[in-house]
Amino acid sequence: MLKFTAGIILGIAVGVSGVYVYYCLSFEFDLSHATNIIIAAATLFAVSIHFDAQRTANKNRIWDTNKEMLLDLIHSLSKAMNATDLEIEYELKHQAGQSSAEEIEGQAASFDDLDRKIDYVLSVYSPLMESNLVVDIKTFKSESDEITRKALKDEVSNLEAYEEMLGKYEALYGKLVKFVGRISGIKYT
């Protein structure tokens, strides 16, 4: 919408300037001048179409290259978020004395899968991705490792660690979904 508005304003300015030059400066306007102006305008229009096509093609190549990996990472992240929700629920029930160990079987696989996918993304796909997204993923990984270290050394309770990790998962998930929405050509809402 902003580009359209800027185009309208620029068009009005050029039109008013043309009228001013023609009437106020007694400009001699003949068919050769009109032909040159039309050729120049058509050239500018063709160049703008070319640059837009190049930008769109570059965006499509980036999306095609990263599509499978990004969607797999988002899926693994959502599974880890669900597993963390179940772990928080288990910890709350455990503190109330109402839980059993069978309730959380198989949740560790979600976390291991996410760790493998993040390592794969950072080691293989990082040159193909935007640098700020790579920095966000690296920051997430280091914060995740720090939370795990604190939980293993009993510096924080399991419940606190899971709640903090859930916040980190949700933040990274939001960044990834926004990036995917932007790079795939679908507007993020």
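The values are calculated or read from the model by the stated rules, or taken from the named source; none is laboratory data. All of these numbers come straight from a predicted model, not from anything done at the bench. Here the Cβ positions follow ideal geometry from the backbone for every residue, glycine too, while neighbour counts run over all protein chains shown.
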**Request:** Output the residues belonging to the stretch 104-142 that are under 13 Å from Lys168 (Cα atoms) and surrounded by fewer than 16 Cβ atoms within 10 Å (Cβ to Cβ).
**Result:** Lys138, Thr139, Ser142
**Message:** Quick check on Ala80: is it in a helix (DSSP H, G or I) and not assigned by TED's automatic domain parsing to the domain that holds Ser123?
**Reply:** no
**Prompt:** Of the residues Thr139, Thr148, which is at pLDDT 90 or above and in the same structural domain as His75 (by TED's automatic domain parsing)?
**Reply:** Thr139
**Message:** Residues to consider are Ile118, Ile186; find the one that is outside any helix (DSSP H, G or I) and under 21 Å from the mean Cα position of the chain (by Cα).
**Reply:** Ile186
